[in-house]
Structure formats: C-alpha cells, structure tokens
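> Would you mind keeping the following structure in view while I ask a few things?
The values are calculated or read from the model by the stated rules, or taken from the named source; none is laboratory data. Quick caveat, the model's predicted, so the values are computed rather than measured. Positions of Cβ are generated from backbone atoms using ideal geometry, with glycine treated the same way; all protein chains shown enter the neighbour counts.
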Amino acid sequence: MLRKLLSMTAAAALVAGAGAATADEHPIKLGGLATLEGPFAVPGEDGIRGIRMALEKFGHEAGGREIELITASSDASPDSAVNAARRLVENDEVDILVGPLSGSEGIAVKDYAKDHPDTTFVNGSSAAQRTTLDDPSENFFRFSTDGAQWQAGLGKYAYEEKGYEKVAVVAEDYSFPYSLVMGFMTDFCKLGGQVVEKFYVPLGTRDYATTVASIPQDIDALYVALGGSDAINFLSQYQQMGSAKPMIAGSITVDQSVLGAKGQQRDYLAGTITAGPIADNWDDPKWVEFKETYAEMFDDGLPSPSLFAHAYYVNTLAVLTALDEVDGDLSNGQQAFREALQNLELETPTGTISVDENRNAVADIFITEVVKDGEGGLYNEVVKIVPEVNQTLGLPEDEFLANGFASRDNPSCP
Amino acid sequence: MASITDKTEDKKAAPVLPVWLRGVRWYHAVVAVLLVIYPLIATGFWTVQIGAQSLILGLIGLSLMLLAGYGGMVSLSQLTVAGLAGYLVAIFGNAEWPAWLMLVGAVSLATVAAVLIGWISARTSGIYTIMITLAISVAFYYLVLQNDPIFNSFNGFSGVRPPEVFGVDWRAPLPFFYLTLGVVGLCYLFVLYLSRTPFGLALQAVRDNPRRMASLGFNVTAHRVAAHGVAGVLAGIGGVLLVWQNGQISPGSVGIGPVIDILILTVLGGLAHPVGPFIGAVIFILMENFAIDLIDRERFNTVIGAVFLVIVLFSPDGVLGLWGKLKSWLARQSARNRVDQW
Amino acid sequence: MRLFILTFLNGLTLAALYFIVASGFSLVFGLMRNVNLAHGSLYLLGGYIGFEVANSTGSWYLAVLAGFLSMAIAGILLQLLVFRYMEGQELRQTLVTIALSIILADVMLAIWSGVSYQFTPPAWLFGATPMPFINAYPTYRLFTLAAAIAIGIALWLFLNRTRIGIMIRAGVDDRGMLSASGVNVQLLFCVTFAIGAGLAGLAGVLGGSALSIAPGEDTRFLLASLIVVIVGGMGSIPGAAIGALLIGMTEQFGLAYFPTYGVVFSFLVMVVVLAIRPQGLLGRA
C-alpha cells in the first residue's frame, strides 16, 4: 500500500513541477464544484452546463489567457463539499473556484475559503443567507441571489393583487425553506397579512396526510416550500383530502418536474404564484437567446435551463468578465481581479447584476403565475419583475440583522 | 487474531522484550519511518486529505474492528459515537471551554453513549446487533437534524478549529498530520496490546463460544459492554480528529452514508488484524478522491459497491485475507524452490 | 377531535403499508435466518418496474401484478445465486446484501434518475370517501388498509391451511428436523423468498400510488421494516402487524402533535421495547 501511495505522490510531484516550469504561460485553472453524484446529480450537472456555457461564450479564454476547467463532485453534504474544494485548491491548484450547489455546502466552503486567501471563491448556486451575511469571507463572491431574495415581492403581490390575507405555511424543516419563508413574509406581514400557522415537516417526510389534516380551514391560501418529490407527494395528498386552497409556492416547489409530473393535479396548480431568480417563459430577447444557446449546446440537457444552470452561468460569467478587465492578472493575491469583481456591472440574461459590500448579488427577481398552455400542459408566466433586490430586502443591514436570521419561529405575524 | 500473531513470535528475542513488543519485525519499523517522513515529501493535500483522513477513518474503523474482529459484534454505531464526540467538541468549543476539558468532556461523554449503546445491543447478538446499531445511528441523525438548541439542526457547526496549544497552529498540514499520526499510532498499539491481555483474550473467547464462557463464570454481557466502552474511546478520539480535519460537522456527517462507509472500509481492509481498517481506509479514500479521474464520478457508488461485493464474496477477510493467501502461496513457492535466504 | 381521528386513521393506513413490506422481510428471516438488507431495494425496484408496466399498458392492476412477480423472481435469483452459498453466515449475508443495495440504488438512479414517479390508480380509488365526524377520507388509503388486512389473512391461511405453509412453519421451528423428514428444503426456501420479495415489490406499487417512488425510498422502507420487525419480533407475522401498528401510529401522532421530534419517537419506541424484551414483543428468544 505504501509503495502505491509513494509512487502516486511522486507522480503528483512531477506534475506539479512540470506546471511550475512554465508558470508564465500557464492557463488559468478554474475549478467547478457541483453535486455530480447521488440524487442531486441532475441539478449538479446542470450547474456544470452553466459553467460550460459561460466558457463557450468567451471561447475558453479570458484576459488573453486560456481557461482550463477542472470539475470535482460533492454529494450535497458540507463535508464532501469541503473535501472536493480541498482537492481542487490544494491538489489541482485552481486559481478560481466556482461552486458549490447547495446552501449548507456554501457556508462550509466559505469557511474553507478563509484558510486560502490566495484563491478566489465564487459561488455556484448555493443560496444560504448566512454565507455572505454572517462572518463573510473576503475572497468569497456571490453573483447569484439567496433564498430570501428569491421571494422578494411575492408577499406584496399575494396581498395586493391576489387579495390573500390569511395564509398557512407548509415547508421542510431546515434553513433554506426558513429563508424562503422569510423572503415571502417580510412584505406580506408589513402590509398586514397574517401567517396563522407554520408547519415545518422534518426532512425525509413522505407521508403528509397528518400535516394536511392539521391545516386550518379558514385560510385564503397555502404557502408551500417543498422540493421536487416532496412537493408532488404533498400536493396529491392535499387534493385527496378534498382540500383546494390556492397555492403560493417557494422557488423550488413548482419547477419543471412538478409541472410535468404525471398525476391529477394539473387543474389545481393553475393560478399558483411563485417568485425566483429566473422565469422559464420570460420573453425578453436575452433570456430567449440564453435558452436557445442552452438547447443547442446540450442534447441531453433539461427542457429549459434550471436555476442551477443559471446561477453557475452568472457566477462564471462574472469571473470571466472580471478576468478580461484585468487582462488575466492574478498576481499580488489576485487583488486587481477581486477589485474588478467588486465593481462589476454584469450584463446577464436576467438583467444587470452587481454585488454589495458583503460581495452578495443585487439582482432582479421574477414573479410568475402558473397558467395552462391550452394543450394540456402548464407553464410559468411572468407577471411582474422586482428590480434590484438586495440581500437585506431593502432594509439597512443592521436593522435586517437585528431581526435575526430566518428560523422556525422567525419571522412571525399571527 | 492472537493465534496468528503468536505463531510468528521470535523465540530468541523473547526474553528481553515485553510481551507486546515481541511481534515487532523489521518491516514494522520501515512502515513507521515511512509514515513519519511521508508528509515531508507529500503536498499539503496528500498530507491532510489523503494521509490524515485515512488515519482518522482508519481509527474509527479500528474501533469497529475491535468490536467485530475480537468481540464478534458488528456495530454500525461507531461513526455515530465519533460524530457525537465531534459535535461535543464543536459545542464545547463555542462555549469556550479550556482545551483539555473540552477534549476530556467530548471523549468521555461519547464513551458513555457507546456504553449505553453497548448495553442495549449486547443483550442481542448477530444480526440483531447490526440492525439495532443501524437504527440507533439513524435515530441520532434525525436527532441532530431536528434539534436546534443543542445541535444547531440542519446547519450544524462550521469553523471548528483545533485549539492553539503550545503555540502551534494544529490546523496546518504538518502539525495536524503528526498529531493524527501520534494519536492514531498510540491507539493502534493499545489495541494490539489489548488483544493479548486477559480481557482481550476473554473477549475473543466470548466471540467464539459465549455459552461456554458463561458457564466458566465469565460475565458475557459485561465483557461485551466493556468492549463497546473501549471502542467508544477510540471512536470518540477519531471523531474529534475528524471534526478538526473537516472544520465542520452537520447532520450529513453522521448520516447513513458515512455510517455504511465505515463498515465498508473496515471490511474492505479486513477484520482479522488491527491494520485492516487502515488499509481499507487508504483504498477507500484514494477511490473516493480519484475515481473521478478514472471513471464517471456519477457512478462512484456502483464502483465502490462492486469492489465491496467482490471482496465480501471472494475474500471474506478483506484485503488482509488476500495478502494472507498471497503470503502462503509465496511461502509454498519458496519452499518448493528451497530458497534459504528467507 | 377531528385531528385525532384523522391522525389515527393515517397511522392505521401507514401501518398497513409498513406491514406489507415488513411481513415479507420477517417471513424470510423467520424460516431461513436470512438477513436481506436489500429488502428496501426490492421495494423500490418493484415500484419502478410497476411504473414502467403501468406506463406502457395503462393498467394499474397489471402494475401491481408486475411489481409482485418481478420481485418474486428477483427473490428466487437472490436465494439461488447468493444466499444458498452462505447459509448460516449472517454477517456475510448482511454485507453482501448491503453491497447489493448500494449497487442497486446507484443503477436505479442511473436508469430512472432523481425525479419521482407517481402512479395513477383507477378512478374509483382516487378522491375521498365520505366518513362520519371527519367528513371525508382519502379512498386510496382505506384501500391500502383493506389490502394489508387481505394480505395478512391470506398469509395466515397459507401458513396454516396449506401443505407448503405447514412445512414452512415446521421449518421455522426446527429446520434440521424438517430436512431430515425428506422435505426439499431448497425448494421451500425459494418459495418463501419469492413470497417475501414479492410482497416488497407489491408494496412498492401500492406505496408508490399512495406516496411516490423516488431514490431514498429504499433506505426508508428498509429502516421501517427493520424497526417494525425488531419491535414485533423477528419471524413472527402477527408480530410484524403489531410492530407496524405501533410504528405507524407513533410516526403519525408524532407528526401531528410534536412535529419537530416526531421522527425520533419511533426509534425511541424500538429502544424501549428492546430494553424490556430483547427478542421483540412476539419474538421467541
């Protein structure tokens, strides 16, 4: 075993030596970290597609230097994300790392970034609030938005346009849905709306019958933040109980898989409102072009780029644009490059994106409503665009932080 | 097992050396020296991610080997015990306890938990033990996932660092590797020693024939529970090192995946000798890190499952068993060739 | 009060599903002492195969049949190719079936990917049935309950009234004696394994219609079966029924009244039962 180990070390040393000899001309190494294994492989692969699209747009070159992509995989757990980041940074010696995919991974990678001040970390699609609000890292940038931002303006739309005043919440019991609920409730409560009860169901719950039975009857609508298969389970059980209050959905709830799922829930889903960083059916030419490029590049891709592809694309685009601005200069602890990132006004398929002083995105958010396409299918139609949503949802940072991070009980407005 | 190592005892050296040193061979020294110089020639990544991590997972595997190899109890809760110690270090660290108290507290509470698990499962045997410890592991996973005030639910704890003792930054690759190597080395020698003490021998006898041991007046349950306690100490230490290495701990760190991983790497290496889990850990970690270069990473689980299946089907004693077969084959060859240099 | 009745019914119907899965597991263990930790994988695979059949034929009934038959065949294969060679080696069986379940889970992920599938049961099973006190209750869940009771009775009749069932029971009590009296034990083992595995596949379709089938359900139902048979007593069909009831009720009442820690309760129930009766409620020491 030792002989094997040593020979591999020797090989690694050789490779490293060879790299150092040609230091001046060597390409910039870009690490791509996503979940390429396990049940989250589908979003992870779409994230990598996002990186590829950005690289393709720049011809795999930025600031006059070639960009080499090295990918690594996690299984959506923070441990595996740190392991994969370590491999990319310490073994493959990437200059810039794009990733990871999910919220708790993002927090772990941000902490890891602190130990490696010479590498710049740019987010993939992770959307936890704390990553950039709680003890942020100087070298971690996020050009995508967080969970609370995704729901900005949804509460206002629900209250004013839809006339919902009393709402109950059903969501999975962990940090990401907490922040979605916070994004929704911030507006909704301020206007006078009431969230009468919140049902946080433990992760991994499949049988929602009892939760359904507990939902009060005297509500105007139900806010649901469950992902993928859980959403399908919940919806079919909700309907079987004979209930049909209108739905307000978290960004992850009404995705393509739910809209396309086989089942008897189609009629019920129509009229559901939701909000998020992208809208599949937006008719803006830039977005349409992005979608078309995606479809051309990937035969095995999803029907339309997911928000994971979009987030990885936007973040990689920021990296490449900033590299162009500084002519590929990564010297001096990547200082010039980071300044360029900080001051970027990034043109993306979903509008202009910049980052705040915590290096978190300020971006547009789309409010959509599910409508029937007339052929038996369903799609999300854009009903409103909320411009320039920042991480503190318009509040000053200290006031926002004083309210505390989203949790089971925060915020509340019974 | 004891009978195997006893065979190799060197009769000439025996009188001067204490019992537990008698099995020492020249290649043991070579391995020790190589382990010590390894981080000096390897990169930081190879030192920590491959080297230290193999040692740590090997240590947790060693605690399983102690239970399964010597005690005949295959416990799936060893990673859970380790995870509890890791969580406690994070929690006590946040409460800013002094370093020594933090470590003693974490490892001893984890040991108490291990004894409790042992007490529940020792009354059962064989397959029941596996199922009960698996269920306990999953229960612990759900507990930390749901509990906010103590375990910080889904997020767990991040930014966990080893305390600065003697002015050394134990997080840096070299100090961390030597810390791990020293601690794991001591634990390894301890298990070797333990296997030849009266307790260790009685434990192995309980494994082979509990009924006879009971009729000889040995308290079978007490031996099993005590073994869980000792294994708990080892796993607890492993858990502390693991949380320092990862810098964070969350429910995913103690989920069903890592729990099964410990079983896989221990069986992969072999349950017959304490070195087995370490061999298994090295193979497992190399595969985990570099399988992506050889095959599609997406099918990593198929590969690891297939390797595991092949080992279990054809060499129940793991890689050690293969080595044993190879050695006896070589011995036969050399005997046939009458080579005397051996 | 309405919530209590609803929760009670939910617990009862979830227990029904658990019983169907766990009774197969318990049957196999009771006769052969075979520990099949790939039982959850059989559940999920049966569900997927049932889904493919339902998708191509449009018949839900055929899907149920396919789920049962395909996994019954898989069970026979497991017995002939794996377990026959490691009789009495519990640890090896456990490890082999863990390895198999890891591979199966990954292969199923490769074929059916991470999305979830739902069956469309016949129209008469969809929707709600009027009930006193609670207005209405989902028809499909009542059907699951009826199916579990029917399967329970069928198993009882099979084990107590048929020749082969009597042989199986004799085997549970004393395998050596049964073999000595000239019974083809291997054939008996295959039949038992086919029924046990088939029940898992059947449950895959029934459960996939009540909830949905997706990666991870294999582990979930394996764990549920483990807890149910540990609590009820390994190898006892009535024990599986009692265990399923206890666990189903605990889970649903936990979710209704203590949602945060509800999931931990079923494990606590198990630990308490074990501390008092290590062999399970109806198990024989």
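> How many residues, within region A:340-387, are at positive phi, outside any loop (DSSP other than H, G, I, E, B) and surrounded by fewer than 14 Cβ atoms within 10 Å (Cβ to Cβ)?
Residues in region A:340-387 being at positive phi, outside any loop (DSSP other than H, G, I, E, B) and surrounded by fewer than 14 Cβ atoms within 10 Å (Cβ to Cβ): 0 in total.
> Given the conditions (1) within 14 Å of chain A (Cβ to nearest Cβ); (2) hydrophobic (A, V, I, L, M, F, W, C); (3) assigned to a helix (DSSP H, G or I), which single one is not true for C:V115?
(3)
> Next question. Of these, C:A244, C:A275, C:A210, C:A200, which one is within 11 Å of another protein chain (Cβ to nearest Cβ) and within 24 Å of C:F143 (Cα to Cα)?
C:A210
> Would you kindly identify the helices (runs of 4 or more DSSP H) lying entirely within region A:196-305 that contain at least 1 residues that are within 12 Å of another protein chain (Cβ to nearest Cβ) and of a type in the set (V, I, T)?
A:209-214, A:228-240, A:256-260
> Residues that are among the aliphatic types (A, V, I, L, M), within 11 Å of chain A (Cβ to nearest Cβ), out of contact with any helix residue (DSSP H, G or I) (no Cβ under 6 Å at 6 or more places or on another chain) and closer than 20 Å to A:A41 by Cα: does region B:269-291 have at least one?
No, because not a single residue in region B:269-291 is among the aliphatic types (A, V, I, L, M), within 11 Å of chain A (Cβ to nearest Cβ), out of contact with any helix residue (DSSP H, G or I) (no Cβ under 6 Å at 6 or more places or on another chain) and closer than 20 Å to A:A41 by Cα.
> Test C:R161 against the stated conditions and say whether it is of a type in the set (D, E, K, R), within 11 Å of another protein chain (Cβ to nearest Cβ) and free of Cβ contacts under 8 Å to residues at least 12 places away in the same chain.
No: the conditions fail for C:R161.
> In this structure, does A:V319 turn out to be surrounded by fewer than 23 Cβ atoms within 10 Å (Cβ to Cβ) and either closer than 21 Å to A:K291 by Cα or within 20 Å of the chain's Cα centre (by Cα) (or both)?
No.
> Looking at this structure, is B:I130 assigned to a helix (DSSP H, G or I), touching a Phe, Trp or Tyr at 6+ places or on another chain (Cβ under 8 Å) and among the aliphatic types (A, V, I, L, M)?
No, not satisfied.
> Any idea which residue in region A:214-230 is nearest to C:A214 (Cα to Cα), counting only those that are of a type in the set (G, A, S) and crowded, with 24+ Cβ neighbours inside 10 Å?
Result: A:S229.
> In the list A:V169, A:V94, A:V196, A:V109, which residue meets the criterion of being surrounded by fewer than 21 Cβ atoms within 10 Å (Cβ to Cβ) and either modelled with pLDDT of 90 or more or touching a strand residue (DSSP E or B) at 6+ places or on another chain (Cβ under 6 Å) (or both)?
Of A:V169, A:V94, A:V196, A:V109, the one residue that is surrounded by fewer than 21 Cβ atoms within 10 Å (Cβ to Cβ) and either modelled with pLDDT of 90 or more or touching a strand residue (DSSP E or B) at 6+ places or on another chain (Cβ under 6 Å) (or both) is A:V196.
> For region A:144-165, what are the residues that are farther than 21 Å from A:T348 by Cβ and out of contact with any helix residue (DSSP H, G or I) (no Cβ under 8 Å at 6 or more places or on another chain)?
Within region A:144-165, A:Y157, A:E160, A:E161, A:K162, A:G163 meet the criteria.
> Report the residue count in region A:29-51 for those that are acidic (D, E) and more than 11 Å from chain C (Cβ to nearest Cβ).
Counting residues in region A:29-51 that are acidic (D, E) and more than 11 Å from chain C (Cβ to nearest Cβ) gives 1.
> Return the pair list, or none, for Cβ contacts closer than 8 Å from residues in region A:203-222 that are in contact (Cβ under 8 Å) with a residue 60 or more places away in the chain to residues that are outside any helix (DSSP H, G or I) and among the hydroxyl-bearing types (S, T, Y), at least 6 apart or on different chains.
A:A221/A:Y164
> Here is a check on your reading of the model: is A:L97 more than 7 Å from every other protein chain (Cβ to nearest Cβ), touching a residue at least 40 places away in the same chain (Cβ under 8 Å) and either within 15 Å of the chain's Cα centre (by Cα) or part of a helix (DSSP H, G or I) (or both)?
Criteria not met by A:L97.
> I'm checking my understanding of the structure. Among residues of region B:84-101 that are in contact (Cβ under 8 Å) with a residue 60 or more places away in the chain and out of contact with any Gly (no Cβ under 6 Å at 6 or more places or on another chain), which one is farthest from B:N152 (Cα to Cα)?
B:A99
> Scan region B:144-161 for residues that are in contact with a strand residue (DSSP E or B) (Cβ under 9 Å, 6 or more places away or on another chain), part of a loop (DSSP other than H, G, I, E, B) and more than 14 Å from B:V254 (Cβ to Cβ) and report the count.
The number of residues fulfilling the criteria is 2.
> Before we move on, is A:A158 hydrophobic (A, V, I, L, M, F, W, C), buried (at least 24 other Cβ atoms within 10 Å of the Cβ), in contact (Cβ under 8 Å) with a residue 12 or more places away in the chain and part of a helix (DSSP H, G or I)?
Yes, satisfied.
> Looking at region C:263-285 only, could you name the residues that are of a type outside the set (A, V, I, L, M, F, W, C) and touching a Phe, Trp or Tyr at 6+ places or on another chain (Cβ under 8 Å)?
The answer is C:P278, and nothing else.
> Being closer than 29 Å to C:L187 by Cβ and within 14 Å of chain A (Cβ to nearest Cβ): is that true of C:Y43 here?
yes
> Taking the options C:T219, C:T260, name whichever one is of a type in the set (S, T, N, Q), surrounded by fewer than 24 Cβ atoms within 10 Å (Cβ to Cβ) and in a loop (DSSP other than H, G, I, E, B).
C:T260
> Can you tell me which residue within region A:110-135, out of those that are at the interface with chain B (Cβ under 10 Å from one of its Cβ atoms) and in contact with a helix residue (DSSP H, G or I) (Cβ under 7 Å, 6 or more places away or on another chain), is farthest from A:S77 (Cα to Cα)?
Only one residue fits best here, namely A:R130.
> Does C:L109 count as at pLDDT 85 or above and within 14 Å of chain B (Cβ to nearest Cβ)?
Spelling it out, C:L109 is indeed at pLDDT 85 or above and within 14 Å of chain B (Cβ to nearest Cβ).
> For region C:232-245, what are the residues that are more than 12 Å from C:R284 (Cα to Cα) and crowded, with 24+ Cβ neighbours inside 10 Å?
C:A240, C:A241, C:G243, C:A244 - these are the residues of region C:232-245 that are more than 12 Å from C:R284 (Cα to Cα) and crowded, with 24+ Cβ neighbours inside 10 Å.
> When you scan region B:200-277 for helices (runs of 4 or more DSSP H) that lie fully inside it, which ones turn up with 3 or more residues that are modelled with pLDDT of 90 or more and of a type in the set (V, I, T)?
Result: B:220-246, B:256-269.
> It is to be established whether one or more residues within region B:163-174 are surrounded by 15 or more Cβ atoms within 10 Å (Cβ to Cβ), facing another protein chain (nearest Cβ under 7 Å) and touching a residue at least 24 places away in the same chain (Cβ under 8 Å).
no
> If C:L145 passes every condition in (1) modelled with pLDDT of 90 or more; (2) within 14 Å of chain A (Cβ to nearest Cβ); (3) out of contact with any Ser or Thr (no Cβ under 8 Å at 6 or more places or on another chain) but one, which one does it miss?
So the condition that C:L145 fails would be (3).
> Sticking with this structure for a sec: When only residues in region B:80-109 that are β-branched (V, I, T) and buried (at least 20 other Cβ atoms within 10 Å of the Cβ) count, which is farthest from B:L234 (Cα to Cα)?
Step by step, filter region B:80-109, then rank; the result is B:V89.
> Right, another one. Please give the number of the condition A:I70 fails out of (1) touching a Phe, Trp or Tyr at 6+ places or on another chain (Cβ under 9 Å); (2) surrounded by fewer than 24 Cβ atoms within 10 Å (Cβ to Cβ).
(1)
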